[in-house]
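The values are calculated or read from the model by the stated rules, or taken from the named source; none is laboratory data. As the structure is a prediction and not an experimental result, all values here were calculated from the model. Because the Cβ atoms are built from the backbone with ideal geometry, glycine has one as well, and the counts that use them run over all protein chains shown. SASA here: full protein model, heavy atoms, side chains in, ligands and nucleic acids out. Shrake-Rupley method; radii C 1.70, N 1.55, O 1.52, S 1.80 Å.
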Amino acid sequence: QVQLVESGGGLVQPGGSLKVSCTAAGIISRIYAMGWYRQAPGKQRELVASVTSGSRINYADSVKGRFTISRDNAKNTVALQMNSLKPEDTAVYYCNLVDTGGQRWGQGTQVTVSS
């Protein structure tokens, strides 16, 4: 069974920075991609950033230039460095992993951007 353990998140003022990290544990088959999604109250879950096993990176337009995703294939970890945070970045952030067994999700970590 695969578990995604997230850390980081919290409360930050507009313009500030936060980092969320995720480690995949358990019996993991071939990983195709890891990344982060977010869901704000009343909104659908949306992709924030992802990185494939071939290191192809994809960002949502709303976070380009502010967020940076990084992945350590050897450790099965993925991190999201978030800079210049805005109130509209407030959401629950979910770690995501895609392997031969399908999509896996973390439990989510709250990121709140507020003064």
Solvent-accessible ranking of Ile57, Ile69, largest area first, probe 1.4 Å: Ile57, Ile69
Backbone HN-Hα couplings from phi across region 23-37 [Karplus 6.51/-1.76/1.60, Hz, Gly and Pro as x]: 10, 8, 10, x, 7, 10, 8, 4, 8, 8, 7, 9, x, 10, 10
Average Cα contact separation per residue, the chain, under 8 Å, 6 or more apart, as relative contact order %: 37
Length-normalised contact order for region 1-68 - Cα pairs under 8 Å, 6+ apart - percent: 22
Exposure rule at most 11 other beta-carbon atoms within 10 Å, DSSP loop trypsin sites (Lys or Arg not before Pro): the chain longest free segment: 76-115
Percent carbon-and-sulfur accessible area, region 14-80, ignoring ligands, DNA and RNA, probe 1.4 Å: 48
Global size of the chain as Cα Rg and Dmax, reported in angstrom: 13.5, 43
DSSP-defined beta bridges in the chain - what % are antiparallel, rounded to 5: 95
Region 1-43 residues near the modelled Ile57 label - backbone nitrogen below 17 Å, point 7 Å along Cα→Cβ: 18-22, 33-37
Euclidean distance of C-alpha centroids, region 1-59 and region 60-115, integer Å: 3
Per-residue HN-Hα couplings for region 62-67 [Karplus 6.51, -1.76, 1.60; θ = phi - 60°; Hz; x = Gly/Pro]: 5, 10, 4, x, 10, 10
Solvent exposure ordering (accessible area, 1.4 Å, most first) of Glu88, Glu46: Glu88, Glu46
